[in-house]
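Trainee: Handing you a structure now.
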Amino acid sequence: MADKTEKQDLAWRAIGGLAGLVTAWAAKKVIGFAWEKTTGKKPPADSESLDISLGEAIGYAVVMGVGMQVAQIVVARTAKKRYNAWKAMRDTAQDTAQEISV
């Protein structure tokens, strides 16, 4: 039984890792687009550049950090909920199949 649990944990880690990568990429694009529409400027590419004001660099860092974290939380929780529902449905189907075969 421990082997089955380890395989499920490995599957969840793979799904979670892939979801995390996609979420980070998508969130960066969405936040950058929103920043450009709101401020009328492209997002700062290099926050250490002296061509960008300190306020703008800090503002973008805060917006990006909060936005990325919120996106990660929402996607991770949704993915976990769906994975658990799928796992419960699969386990129920296996139990039912075993009862029928007996």
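Trainee: I'd like the full set of residues that are open to solvent by 40 Å² or more (accessible area, probe 1.4 Å), over 24 Å from GLY17 (Cα atoms), at pLDDT 90 or above and of a type in the set (A, V, I, L, M, F, W, C), limited to the range 29-61.
Mentor: PHE33, ALA34, LEU54, ILE58
Trainee: Output the number of residues of the range 62-99 satisfying the condition of being more than 16 Å from ILE15 (Cβ to Cβ) and surrounded by 14 or more Cβ atoms within 10 Å (Cβ to Cβ).
Mentor: 5
Trainee: State whether the residues of the range 1-18 include one that is open to solvent by 70 Å² or more (accessible area, probe 1.4 Å), out of contact with any helix residue (DSSP H, G or I) (no Cβ under 8 Å at 6 or more places or on another chain) and not in a helix (DSSP H, G or I).
Mentor: Yes, because at least one residue in the range 1-18 is open to solvent by 70 Å² or more (accessible area, probe 1.4 Å), out of contact with any helix residue (DSSP H, G or I) (no Cβ under 8 Å at 6 or more places or on another chain) and not in a helix (DSSP H, G or I).
The values are calculated or read from the model by the stated rules, or taken from the named source; none is laboratory data. All of these numbers come straight from a predicted model, not from anything done at the bench. Note that each Cβ is placed from the backbone with ideal geometry, even for glycine, and that neighbours are counted across all protein chains shown. To get the accessible areas, we keep the full protein, side chains included, count just its heavy atoms, and leave off ligands, DNA and RNA. Shrake-Rupley method; radii C 1.70, N 1.55, O 1.52, S 1.80 Å.
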